[in-house]
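Reading through the structure tokens given below for one structure.
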Amino acid sequence: MNSNPLLQRLLASGPVLTDGAWGTQLQARGLAIGEFPDAWNLTHPDKVTEVARAYVDAGSQIILTNTFGANRLRLAEAGLADRVAEINEAGRAFPGRWRATRRTFLPRSAPSGKMLMSGETTSEEIGAAFCEQAAALARGGADALVVETMTDLEEAKLAVAAAKTTGLPVVASMVFDAGRDKDRTMMGTTPEQAAAGLVAAGADVVGANCGQGIAGFGKICARLKTAAAGRPVWIKANAGRPELRDGKAFYATTPEQFAS
């Protein structure tokens, strides 16, 4: 299943260490609560690069880009719908010298922010928005594309299909934090159902991110691995659920607890 040269290189030495959170890192550098992070690719490129550099220096082998919500539907909420291409292409503009470090840079895409099942939008509109973003990220020189923080499997499949049009490897990641055992997406999808659907849609890597914090991710990882049809598994747990303290997001999980 790992026939892609990039995946073969990354997996040749065993598990691969990705970067960590971006939102909290940007907030530590001045991003206000409620401010649209992706816009900083244009207004504060030095701060965005600083976050990426910090993760490179910490040893991350994969660095994501500051393009989490940079699709037309989400950008429209911030009055930035006409800057889709600009924001996505700028999100990938890391210094070329980092290429020599053998780091891999993966642009990412998040949910559209619209609910398919409620009729807020259509499959065609969502698919077009993801295709537009994927094309812009590919033009920026992406190594691969990451579809993450998905709760609706149908929307995730639309995003994967859009990403696959670029010819790049695609990582598809869902959020499992609902149900009695916190092992389903908000829409009730299990890890097994998600893996099957994402593989069928063309995902080269399947996984889970965000959600419930690190403690529950071991079992989810094992279930995804069993159901992933030989594909690599992508796991990016968060540090639990944040609390708002003095206007700032605070995570109680310590680095030591997370690492253990």
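The values are calculated or read from the model by the stated rules, or taken from the named source; none is laboratory data. This structure is a prediction, so every number in the text was calculated from the model and none was measured. Cβ placement follows ideal geometry from the backbone for every residue including glycine, while neighbour counts extend to all protein chains displayed. We work out accessible area using only protein heavy atoms, side chains counted, and drop any ligands, DNA or RNA first. Shrake-Rupley method; radii C 1.70, N 1.55, O 1.52, S 1.80 Å.
Please determine, by comparing only the residues of segment 2-23 that are closer than 21 Å to LEU168 by Cα and of a type in the set (A, V, I, L, M), which one is surrounded by the fewest Cβ atoms within 10 Å (Cβ to Cβ).
So, considering only residues that are closer than 21 Å to LEU168 by Cα and of a type in the set (A, V, I, L, M), the one surrounded by the fewest Cβ atoms within 10 Å (Cβ to Cβ) is ALA12.
On the given criteria, is ALA81 in contact with a strand residue (DSSP E or B) (Cβ under 8 Å, 6 or more places away or on another chain), closer than 19 Å to SER112 by Cβ and open to solvent by less than 30 Å² (accessible area, probe 1.4 Å)?
Answer is no for this residue.
Restricting the search to segment 29-59, which residues are out of contact with any helix residue (DSSP H, G or I) (no Cβ under 9 Å at 6 or more places or on another chain) and either in a helix (DSSP H, G or I) or at positive phi (or both)?
GLY34, THR43, ASP46, THR49, ASP57, ALA58, GLY59
Could you please find all residues in segment 180-199 being touching a residue at least 24 places away in the same chain (Cβ under 8 Å) and either of a type in the set (Gly, Ala, Ser) or in a strand (DSSP E or B) (or both)?
Selection gives ALA194, ALA195, ALA196, GLY197.
Given the conditions (1) under 30 Å from GLU125 (Cβ atoms); (2) at pLDDT 90 or above; (3) of a type outside the set (A, V, I, L, M, F, W, C); (4) under 16 Å from the mean Cα position of the chain (by Cα), which single one is not true for TYR55?
Result: TYR55 passes all but (1).
From the list ALA144, ALA172, ALA162, ALA194, pick out the single residue that is open to solvent by less than 10 Å² (accessible area, probe 1.4 Å), in contact with a strand residue (DSSP E or B) (Cβ under 7 Å, 6 or more places away or on another chain) and under 17 Å from SER112 (Cα atoms).
Answer to the check: ALA172.
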